[in-house]
1. Among the residues of segment 38-56, what is the count of those that are at pLDDT 80 or above and more than 15 Å from THR219 (Cβ to Cβ)?
2. Those residues that are within 24 Å of THR142 (Cα to Cα) and open to solvent by less than 50 Å² (accessible area, probe 1.4 Å), I need them from segment 184-198; list them, please.
3. Looking only at residues in segment 137-178 that are in a loop (DSSP other than H, G, I, E, B) and among the hydroxyl-bearing types (Ser, Thr, Tyr), which one is surrounded by the fewest Cβ atoms within 10 Å (Cβ to Cβ)?
4. How many residues does segment 116-136 contain that are over 26 Å from LEU165 (Cβ atoms) and open to solvent by less than 50 Å² (accessible area, probe 1.4 Å)?
5. Can you name the residue in segment 61-115 that is open to solvent by 50 Å² or more (accessible area, probe 1.4 Å), in a loop (DSSP other than H, G, I, E, B) and more than 30 Å from LEU135 (Cα to Cα) and, of all such residues, is modelled with the lowest pLDDT?
Amino acid sequence: MRKTSLLLFCIISIRFFAQENTDSLVRSYRIKYHYVGVQANLLLQQFLNFNSSSVNSNPYLFSYSFNYKQNGNGVVLGTGLSASNNFSNDGVVEISDDRINVCGRIGIEKKFYQEERFIPFIGIEVGLGYAEQKLRTKLVQTINNPQTDTKTTKFFFGPAIRGGLLFSINKYVKLGTEFFFNAQVSINKSKTIITSATQPPSGTNTTSLPINFGLQAPTALFLIYRF
């Protein structure tokens, strides 16, 4: 019985150390890293902003990238979605405001692995997205109750130069921020319809194609897991 137990112990120990050596070998010959990130402003602002509210204009909620270990070159993806619905009625004016914003990006980047604690990166990307707003205002203290409905849509796309920095909390968890300078072409459409109980509906339609250049400051913090 003792010989059998000793034999089982030896077999388990050999398999355990063999597995550890195999895992170490795989880690040493890893050819690329994967990074999965999510915006963490709401989680961290209590500690970093002293309970004050901050404006975050970075639209990308989720990010993913993979980079080759040897040279730091890789591909980055990002996506974001926001939606809101606001309604108010003060007895004089009734206001309904519905908004939705969807965006995405794809690009290439290079991470610099000279230091494990701080990892800077730079790259280029192409972003695109769609935004829509439906705004309704209605006077509720008049006889004809005039109502104005405005629908505004925006489709945008364009290239950007992106850079940033990752701070390593440990081997797997990183905290990162980024900035980008972008050129954006958009197609903006606005449609307004005015209705009332005493007059026929009337409205306007407008379309514009502006080109905008902007610098996105590093207002967002990303909590990133590397594997």
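1. Total meeting the criteria: 1.
2. Correct list: THR192, THR195, SER196.
3. TYR172
4. Total satisfying the criteria: 3.
5. Only one residue fits best here, namely GLU115.
The values are calculated or read from the model by the stated rules, or taken from the named source; none is laboratory data. Being a predicted model, the structure only gives us computed values, none of them experimental. Here the Cβ is made from the backbone with ideal geometry for all residues, glycine too, and neighbour counts use every protein chain on show. Heads up: the accessible areas ignore ligands, DNA and RNA and are worked out on the full protein's heavy atoms, side chains in. Shrake-Rupley method; radii C 1.70, N 1.55, O 1.52, S 1.80 Å.
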